[in-house]
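The values are calculated or read from the model by the stated rules, or taken from the named source; none is laboratory data. Since the model is a prediction, treat every value here as computed from it, not as a measurement. Note that we place each Cβ from the backbone using ideal geometry, even for glycine, and neighbour counts take in every protein chain shown.
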Amino acid sequence: MDTDQRELGDSDSPIEDALEDAFNRMVDEGTQRLHRSPREILVTGFFGGTEVAMGVLAYLSVLLATGNPLLAGLAFSVGFLALLLGRSELFTEGFLVPVTTVVAKRASVAQLLKLWAGTLAANLVGGWLIMWLVMAAFPKLHEQTIESAKHFVEAPLNAESIALALLGGMVITLMTRMQHGTDSMPAKIAAAVAGAFLLAGLQLFHSILDSLLIFGALIAGGTSFGYLDWLSWFGYTVVGNIVGGLALVTLLRLIRSKDRLKEERREAESPAGEER
């Protein structure tokens with residue numbers, strides 16, 4: 001006997017109550033984020049870049065002391081915890097929540113592109129500035145920074161590099177999904193630590209995190225690569241991150257919430273919904 005999902009939970013939603021709560025959190029947050037002014041987007045993105053740079057500092061310090069990238073990956077969680085608690089914006093966190101909001105017709109594609117472009121640029125500027133300070137303050141990290149950066153910027157464009165970029169986008173979006181699936185702050189913190197461990201500890205390709213490592217190496221000087229080499233690596237990595245985050249996580253979540261999205265779109269198109 002088939003039973004409608006609406007008859008099983010506490011709400012009349014076509015999806016499970018837990019998914020309904022997570023869906024509402026994502027749409028409410030995404031609506032606020034996508035309706036930010038350009039100034040707010042740039043400032044929030046700038047802070048996101050500076051906070052990730054603090055994670056890079058922790059990563060390099062532990063890697064230099066231990067030589068263990070997995071332990072260094074755990075140390076990098078400082079950056080993700082700062083993003084979580086500081087409510088700043090990282091470009092690669094802009095896949096699941098904002099895209100769901102646009103599909104739900106609570107914001108436009110133009111607003112999504114504005115968020116992506118502004119956040120990406122501000123992340124890089126803020127991160128570059130802090131990496132300049134880090135390299136000036138910790139000369140002992142120069143050699144380790146250059147060595148770490150080589151893993152990314154000198155990687156050939158092949159199936160392995162593309163897979164690492166896809167996984168990088170998937171991991172950061174999965175972290176976002178886990179954090180929006182709960183109201184528990186300890187659980188959100190655990191998700192941030194897990195995401196950092198996978199992303200930095202396994203040296204996946206991440207357009208922002210690894211760009212800051214490369215910036216640090218370029219600022220330290222004496223590298224065999226330059227900013228054009230970074231740009232070449234960055235070009236395919238950012239595309240891989242987007243595809244990984246959208247196709248491997250976001251799309252599946254949208255399919256899972258298809259019926260709920262239809263309801264949200266109908267409500268958004270109604271006169272009352274437009275005022276929400």
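Odds and ends about this structure:
- Some residue of the range 261-272 being more than 26 Å from Val62 (Cα to Cα), charged (D, E, K, R) and buried (at least 20 other Cβ atoms within 10 Å of the Cβ): yes
- Here Leu252 passes the criteria (1) touching a His at 6+ places or on another chain (Cβ under 7 Å); (2) modelled with pLDDT under 95 except the one numbered (1).
- Filter result (of a type in the set (Asp, Glu) and without any contact (Cβ under 8 Å) to a residue 12 or more places away in the chain) within the range 22-64: Asp28, Glu40
- Pair list, Cβ under 6 Å, 6 or more apart: the range 179-204 residue closer than 14 Å to Phe80 by Cβ, other residue not in a helix (DSSP H, G or I): Leu199/His206
- Any hit, the range 217-237, residues being of a type in the set (Phe, Trp, Tyr), over 16 Å from the mean Cα position of the chain (by Cα) and not in a helix (DSSP H, G or I): yes
- Candidate set: the range 178-211, residues that are outside any helix (DSSP H, G or I) and at pLDDT below 95; chosen: the one nearest to the chain's Cα centre (by Cα): Gly181
- Failed item in (1) modelled with pLDDT of 95 or more; (2) surrounded by fewer than 17 Cβ atoms within 10 Å (Cβ to Cβ); (3) farther than 19 Å from Pro156 by Cα, with Leu228 passing the rest: (3)
- 2 or more residues among the small types (Gly, Ala, Ser), at pLDDT 95 or above and out of contact with any Asp or Glu (no Cβ under 6 Å at 6 or more places or on another chain): qualifying helices (runs of 4 or more DSSP H) within the range 35-113: 38-66, 69-86
- Residue check for Leu124: more than 17 Å from Gly94 (Cα to Cα) and either surrounded by fewer than 17 Cβ atoms within 10 Å (Cβ to Cβ) or in contact (Cβ under 8 Å) with a residue 24 or more places away in the chain (or both): no
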